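Down below is the structure, laid out as structure tokens.
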Amino acid sequence: MKRATPNRTQRIADQIQRDLAELIQRELRNPHLGLVTLTDVQLTPDYAHAKVYFSVIGAEPETARQLLSDKAGYLHSLLFKRLQIHTVPTLHFLFDPTTEKAAEMDELIKQAVSHQAKDD
């Protein structure tokens, strides 16, 4: 079996990320979902599975993950109509805590600078 080149795999992952971001915004109108941002898509070499990493504002991460997972089949069918590839991957949604950790670090830095300014 012929293996996909890493460049092609990355291009397809990027296309899936762009298309899914649009589809989630347009097709999933659930107030409990919040504002979802897709941060990364990682494909298996055979394109059978895609890990879709997301961050969310205005909703609990686990609630958003569950809602996205519940709609994964629907989103898969919409992707199938858009993508020009033989196999459209099964979607697995995973919360990406990077933005939350960055905000926490930013707050800690502000507190440290504020504390140091008081000591000077």
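The values are calculated or read from the model by the stated rules, or taken from the named source; none is laboratory data. Here the structure is a predicted model, which means the values were calculated and not measured. In this analysis, Cβ positions are derived from the backbone assuming ideal geometry, glycine residues included, and neighbour counts consider all displayed protein chains.
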Qualifying positions in segment 55-82 - among the hydrophobic types (A, V, I, L, M, F, W, C) and in contact with a helix residue (DSSP H, G or I) (Cβ under 7 Å, 6 or more places away or on another chain): V56, L75, L78, L79
Segment 61-72, subset free of Cβ contacts under 8 Å to residues at least 24 places away in the same chain and more than 8 Å from L91 (Cα to Cα), residue surrounded by the fewest Cβ atoms within 10 Å (Cβ to Cβ): D70
Qualifying residue in segment 22-31 (condition: more than 16 Å from the chain's Cα centre (by Cα) and without any contact (Cβ under 8 Å) to a residue 12 or more places away in the chain): yes
Answer from T63, T87, T99 - the residue that is in a helix (DSSP H, G or I), of a type in the set (V, I, T) and at pLDDT below 90: T99
Some residue of segment 96-111 being free of Cβ contacts under 8 Å to residues at least 60 places away in the same chain, over 16 Å from the mean Cα position of the chain (by Cα), surrounded by fewer than 11 Cβ atoms within 10 Å (Cβ to Cβ) and closer than 20 Å to R8 by Cα: no
Total residues in segment 18-46, condition closer than 15 Å to Q66 by Cα and either in a helix (DSSP H, G or I) or touching a Pro at 6+ places or on another chain (Cβ under 6 Å) (or both): 1
